[in-house]
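The values are calculated or read from the model by the stated rules, or taken from the named source; none is laboratory data. Everything quoted here is computed from the prediction, not taken from an experiment. No Cβ is skipped: glycine too gets one built from the backbone with ideal geometry, and neighbour counts run over all protein chains shown.
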Amino acid sequence: MRPYLGTGERVFITIGKYQRRNARIKEVQRDGSVLLSFSTPTALQAGTAVVMELVADSHVLSYYMRLISFQPPNQPVIRLHRFPVSNQNRKRTSWRVPFSLQTGIRTQKTPHFLGAQFCDLSVSGARLISEVHFPTGAKVEIRLPIPEAKEAIVGATIRRSSSTPVGQNPFGQELYEMGLVFEKLPSKTYSDLVHYMWKSVRKHYGEQLRQTYMANSRSARSQSIDFVDFEIPIPGKEEFWKPRF
């Protein structure tokens, strides 16, 4: 499955309350906007939400866009741009790192946590495997076990949830995958999370440098270079990373 768009490809678009219609990509511009060949007798306004769907390799790729401009009838072309603040946009908005610790998840009205496990983690959200299916839009609380920091219980909203099981645990219980976005994190929790992620990125970056050196350097067999202490600056917890809400 490929994530990019190509000139001349056929797509389906849903504009506001109007039904799904056909369109064709005329041009993909460098600023992230897309020109579509599309004609409609309805007057469209800039800022209108548009859902664009591309069928590729038996998968449907959904792009949540907004209308920038609509050309006159003699030039039936509309220009779209990604709409990052749309409530329907389920793409992660920040970089993530692998994270596989056990956790617990519950609805905000349930006193007991249910078993779950992290798949990856970012400063804005996470991907989990849970023993229970939660619908999209559900308000939940999860335990956030940040290494070398105090565990916190944070609120989150389910943005994406698998409707069918993705596997089973050793006891035969079905597991469901979900993506969630954190609500406002406490200042200390946010600071600890950012600091941990910088350390994780630093560690993996150093390992990539070591592997690249070993693969490309002629003197790699005769020299031993330690990349563990490779100096990549890590922002301080308190000085540089203040929560921005």
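Would region 158-167 turn up any residue that is within 27 Å of THR136 (Cβ to Cβ) and part of a helix (DSSP H, G or I)?
No: zero hits.
Hey, among GLU141, GLU151, GLU177, GLU183, which residue is acidic (Asp, Glu) and touching a Cys at 6+ places or on another chain (Cβ under 8 Å)?
Details: GLU141 fails: touching a Cys at 6+ places or on another chain (Cβ under 8 Å); GLU151 fails: touching a Cys at 6+ places or on another chain (Cβ under 8 Å); GLU183 fails: touching a Cys at 6+ places or on another chain (Cβ under 8 Å).
That would be GLU177, the only listed residue that is acidic (Asp, Glu) and touching a Cys at 6+ places or on another chain (Cβ under 8 Å).
Name the single residue that is modelled with the highest pLDDT among those in region 103-133 being assigned to a loop (DSSP other than H, G, I, E, B) and more than 17 Å from ARG160 (Cβ to Cβ).
Per the stated criteria, the residue is PHE113.
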